[in-house]
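Nothing in this text is a laboratory measurement; each read-out follows from the coordinates by a stated rule. Predicted model, so just to flag it, every value in this text is computed and none were measured. Cβ coordinates were reconstructed from backbone atoms using ideal geometry, including for glycine residues, and neighbour counts include every protein chain displayed.
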Amino acid sequence: MYIKLLLWLTGCLLAMGFLPIASEKSYDLLSYKDSAGKNHRIKSKKEWLARRKQILENLQLGMGSLPVSKRNEPVEAVFRDSLVTDRYTRYTLQLAVAENENVPAYYYVPKAAEKPFAAMLALHPTGELGKDITDGKSPRANRAYAKELAERGYAVLAPDFPGYGALRDYDFASDRYESGAVKGVFNHIRCVDFLQSRSEINPDAIGVIGHSLGGYNAIFLGAFDTRLKIVVASSGWTLFDFYKPWSEEAVKRHGGRLGPWAQEVNMPPLRHRYHLDGSLFPFDFHEAVAAIAPRTFFSNSPLEDYFSAEGVKTGMKPIQEVYRLMGAVNNVHAEYPSGGHDFPTAQRKAAYHLIDTRLNHQPLDHMIE
């Protein structure tokens, strides 16, 4: 009787999203099946690049097709105002990423004498304040990475994501994109275009950083845009099998354990095309991360986060195998601090030092050292 009750209770908790699903499927990235169903092992970089191409195609099945844009096509920028500090000038911009598509952003330009500058794209987490969160306006600590990197001597571009900040009234239903995720990828590619076009920026020293919403959108951008030399994702991913929403109410509101991923700001096709059935999803997060290889990737994955650290650890094993195949095993990093959905000082410090190394940047004196 006790065992039956325990099994029933466990099933209820799984259904409500309070326990990760123990998946028996393989997360191997270095094998594939041919048209005849025969298994093949990926043994060369060339074979992996073919697999990577397939991953990018599958990502678009889950989020919608990414519109084609000419790389480095000029991005018109309207400078609206500025804030001058002793370390940088922060400009408020409006970027015309496409016809009738504008992205508000902060652009921090350091006062350091040496140019060109290394640059970082800073993607904000979920929150009505949008980009202001990364400027230190959030009541939550540990989110001001745009401002901190600017104080460290980086040029930083911090855009608003659709649905937040100055884009809080964004109309997803009337745009040309199937999801907020693919709109985000397009916007952020154009942000990189903007950075590369600036005379004060070293076009070969650009990276991206984000927490939560910004974390997984940094991964998506890093997968599609190979110009980024480093991708930092904090509390931004886990394998779908291990994802557990933050509350029972969230499960009910979004129609299931994986429902939050199908919000309009994320990937609605996961609902209307794949019915929130993770076994049918065309991609998983370890594939998106592996598509970044051999470029540098850093993951901050707290142990008590609803982006399950166990799912990250499970996913990191096949990711490391891909990096090993690409001769870049030292370019993939993961930290698992105690605590919940946060980007603690110690992990930001580790990420900043890795960014310094990868972008060959000598930081200015700063409290995060």
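Data table
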read-out: Cα gyration tensor shape for the stretch 235-340, rounded if a/c is under 1.5, else prolate or oblate; value: oblate
read-out: Isotropic mean projected area of the C-alpha convex hull, the chain (nm²); value: 19.8
read-out: Unit charges at the beta carbon, dipole of the chain: most positive-side option, H211, G259, G64; value: G64
read-out: Karplus (6.51, -1.76, 1.60) ³J(HN,Hα), θ = phi - 60°, over the stretch 144-154, in Hz, Gly and Pro reported as x; value: 8, 6, 5, 5, 5, 5, 5, 5, 7, x, 8
read-out: Size of the stretch 114-178 as Cα extents on the principal axes (Å, biggest first); value: 45, 30, 15
read-out: Förster radius 56 Å - calculated FRET efficiency between L83 and A328 (Cβ-Cβ, nearest 0.05); value: 0.90
read-out: For the chain, with +1 on Lys and Arg beta carbons and -1 on Asp and Glu, the positive-most of N187, V109, I133 along the dipole; value: N187
read-out: Degrees between helix 45-63 axis and first principal axis of the chain (Cα, 0 to 90, nearest 10); value: 90
read-out: Projected label distance in nm at D28 and A96, using a 7 Å step from Cα toward the beta-carbon; value: 5.2
read-out: Whole-Hz couplings from phi, Karplus 6.51/-1.76/1.60, listed for the stretch 120-135; x for Gly and Pro; value: 10, 8, 10, 9, 7, x, 4, x, 4, 6, x, 4, 5, 4, 6, 9
read-out: Dipole moment magnitude, nearest 20 debye, the stretch 253-354 about Cα centre, only Lys, Arg, Asp, Glu C-beta charged; value: 140
read-out: Protection-proxy order for peptides 238-247, 274-283, each taking the mean of Cβ atoms within 10 Å per residue, highest first; value: 238-247, 274-283
read-out: Tail beyond 23 Å, pair distance distribution of the stretch 124-266 (Cα, percent); value: 37
read-out: Between helix 2-16 and the chain: long-axis angle, C-alpha atoms, 0 to 90°, nearest 10; value: 30
read-out: The chain, dipole about Cα centre (Lys/Arg Cβ +1, Asp/Glu Cβ -1), debye to the nearest 20; value: 920
read-out: Computed magnitude of the charge dipole of the stretch 167-236 (debye, nearest 20; Cβ of K, R +1, Cβ of D, E -1); value: 120
read-out: HN-Hα J in Hz across the stretch 234-240 - Karplus 6.51, -1.76, 1.60, θ = phi - 60°, x for Gly and Pro; value: 9, 6, x, 6, 6, 5, 4
